[in-house]
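The values are calculated or read from the model by the stated rules, or taken from the named source; none is laboratory data. The structure presented is a predicted model; accordingly, all values stated were derived computationally and were not measured. Glycine gets a Cβ as well: all are built from the backbone with ideal geometry, and neighbour counts include every protein chain shown. Just so you know, the surface numbers come from the protein's heavy atoms only, side chains and all, with ligands and any DNA or RNA stripped out. Shrake-Rupley method; radii C 1.70, N 1.55, O 1.52, S 1.80 Å.
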Amino acid sequence: MWAISKLTLKEIISKRIFLITVIMTVVFLALYATAIYFVSREAPPVEPGAGQGAEIVLLQQFVSSQLLGAGLYFSSFIAALLAILSSVSAISGEVASHQIDTWLMRPISRTQFVLGKFAGLAVLLVAYVIALFFGIVLIHQGFGADWMALDFGAQQLIGAASVFALQPFVLIAFGLLLSTRMTTLNAGIVSIMLYGAAFIGGFIEQFGAVLEKTALINIGIVMSLIYPVDSIYRKMTVLLFNTDSSPLAIAQGGLFTSISSPSNALIVYALLYGAGMLWFAVYSFRKRDV
Amino acid sequence: MNVIETDALTKTYNGKGGISDVSLSIGEGTIYGFLGPNGSGKSTFVRTMLGLLKPTSGRGFILGEPIGTIRSREQVGYLPELFRYPDWLTGRQLLESHAELCRIPVRERRKRIDEVVDLVGMTGRDGGRISGFSKGMSQRIGLACAILNDPKVVFLDEPTSALDPIGRKDVRDLMLYLRDRGKTVFLNSHLLHEVESVCDHVSIVHEGDMIVQGLWRDLMQIEAQVEVVTDHPADVPWPPCVTHVRKIKQEGPRMRWLVQFERESDVPEMIHGLSSARIAVYEVKPIIPHLEDVFLHWVNRKKESAYVGDQ
């Protein structure tokens, strides 16, 4: 299994797309840092004792959390695309090219092959997602002015990063399942459409929470059950901004965080969902001809 | 013990194509030819033996282990017909990855890789990226992969398809080298001369059916033919064992004939018959049938029997 994991890792790293992804990520982080820098400079800080009151402080906090939320939201998006695009071809691509023949005729089981692919992809993408998460947070806290700095505890950061890392776990497991049965193109289309539907479902749920419309909230919940990607992101923002316990913090959250707080059961569900998809991927691959 | 054994092994795709009802037993130290035209089901058979395809029915064993199990693949090597290897690896990295999958101990890997690289004539070229390899080089590195784990059984599927004449000879020599070391080589090929030059036992497959199998020299014994040079009487009293005679050409006072029998063992009887009739015989030369003739003979015989069966 580890031999397959190592090969999977080497394959991604040796391909040009990985280098392009790394370069584009650096470009994205540089742009984000530039944006943060100029926002800090353009918006004048509140002078102590100027009597401008709590409203301006609240507004600044809102702007600051929105900027961080936007950075994390886009990070989530590019990490998801990378997870989808690398997983949907992991098996189908090798079957189509017959490269898989010489691997599978070795004394390894199909279960080991799928788990090896999963482990290789997961190690790389979880590392990427965590690096991206802390990169965004560090840029936000480091390049921003004092008024932009948000007060994060270590527990908040570790909890949010851990939940954020769940996203590639779910996406890779689902992508691998599709990859055992579909062509790369079909699996990619299905995954990306589901990803888009999950995020639309997430926004509908947020609007439902604001408007107090149960039907809208239920649509979001159903989408979270079908493809629990957006809810993982929302849960991460709740943990990061600690909006679970503070009504004021919820008001600060805005579009890129969560107005309603996804329950802790969601984490368990996402883990079970990923494990279940992986099990189906193994089962499906063991049954098929290559 | 039979190294490869199948019992009515069948693999079809929704009831069509593939290969049906293959029963064979192959012993140790043999080069076994699986001969048939493109699309006759040869690769399907090998891929089923290696667990890449699930059999529709029947059973198969490699070294006594049921096909599809991990144990059945432990001492097996394989060169696929469509040899595609990750082009982002170098030849040596490919071999290192396979060595790891074959659980070759780390301290032995380098030595073993050097050995197989040398055996397939890739010394000094294995460090290049596979993306830069020619088809011939890819096939050679594929051969190195196939024999890397010092397997007892090697399946080679059209192993010379991308090679030049020198490369083809190298592969033939490699097969003979493996056989001499007690290995069993299962050679899939549509090239009659390739099979003839190295194989002891042969199966002929056609349109998904195994038509005949046996020793190659036995399969070659189709309607024996000889050329006979006699003096030139008006009429030669050919003995009854002769099934067909044709004049080839007159050579001065002599005549060259093409004479056909049902069996090679009829030749002495013919010579005796001619001598008894006081016909001078100057030359009797056996004619080895063309490989194509042998192949078509067995295919046509199968078709004829199928036709009679249909009636």
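So the values come out like this:
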{"item": "Acute angle (nearest 10 degrees) that the helix B:291-310 long axis makes with the longest principal axis of chain B, alpha-carbon atoms", "result": "80"}
{"item": "For segment A:128-202 versus segment B:138-188, the gap between their alpha-carbon centres in whole angstrom", "result": "48"}
{"item": "Probe 1.4 Å, accessible area per residue of chain B, Å²", "result": "48"}
{"item": "Cα-projected label distance for A:A30 with B:T243, points at 7 Å along beta-carbon direction, nm", "result": "8.3"}
{"item": "Viscosity 1.567 mPa s, 4 °C: Kirkwood-radius Stokes-Einstein D of segment A:128-253 over Cα pairs, µm²/s", "result": "80"}
{"item": "Largest to smallest accessible area among A:K10, A:K117 [probe 1.4 Å]", "result": "A:K10, A:K117"}
{"item": "Out-of-range pairs (alpha-carbon distance over 22 Å; input A:K287/B:K11; A:K10/B:K111; B:K183/B:K302; A:K213/A:K235; A:K15/B:K54)", "result": "A:K10/B:K111; B:K183/B:K302; A:K15/B:K54"}
{"item": "Total accessible area lost when B and A pair, probe 1.4 Å, Å² to nearest 100", "result": "2600"}
{"item": "Paired Rg and Dmax values of chain B, which use every Cα atom, in angstrom", "result": "24.3, 80"}
{"item": "Chain A: calculated mean residue ellipticity at 222 nm from DSSP helix runs of at least 4, using -39500 (n - 2.57)", "result": "-27500 deg cm²/dmol"}
{"item": "Cα long-axis angle, helix B:91-101 against chain B (0 to 90 degrees, to the nearest 10)", "result": "80"}
{"item": "On Cα atoms only, tilt of B:135-147 relative to the major axis of chain B in degrees", "result": "80"}
{"item": "Accessible-area order (highest first, 1.4 angstrom probe) of the listed residues A:I108, B:I287", "result": "B:I287, A:I108"}
{"item": "Rounded D (µm²/s) - segment B:36-118, Kirkwood Rh over Cα pairs, Stokes-Einstein at 20 °C, 1.002 mPa s", "result": "144"}
{"item": "Dipole in debye (nearest 20) - chain B, about Cα centre, beta carbon charges: Lys, Arg +1; Asp, Glu -1", "result": "980"}
{"item": "Inter-site label distance for A:R288 and B:R129 at 7 Å from Cα along Cβ, in nm", "result": "2.9"}
{"item": "Interchain or long-range residues, amide H under 5 Å from A:F256's placed H", "result": "none"}
{"item": "Rounded to the nearest 20 debye, dipole of the protein assembly as shown from Cβ charges on Lys, Arg, Asp, Glu", "result": "460"}
{"item": "Farthest positive-ward along segment B:4-219 dipole, Cα basis, beta-carbon charges - from B:M210, B:P80, B:I130", "result": "B:I130"}
{"item": "Protein accessible area in segment B:4-219, 1.4 Å probe - carbon and sulfur %", "result": "46"}
{"item": "Solvent-accessible area per residue, Å², over segment A:2-287 with all protein chains present [probe radius 1.4 Å]", "result": "45"}
{"item": "Over 17 Å [Cα-Cα, segment B:225-287], rounded percent", "result": "28"}
{"item": "Sequence-distant residues sharing a close amide H with B:I31 (under 5 Å, placed H)", "result": "B:V185, B:D200, B:H201"}
{"item": "Reduced Cα scattering model of the protein assembly as shown, Debye log10 I(q)/I(0), q = 0.07, 0.08, 0.11, 0.12 Å⁻¹", "result": "-0.61, -0.73, -1.04, -1.14"}
{"item": "Among A:L104, A:I221, A:I23 the positive-end extreme of the charge dipole of chain A (Cβ point charges)", "result": "A:L104"}
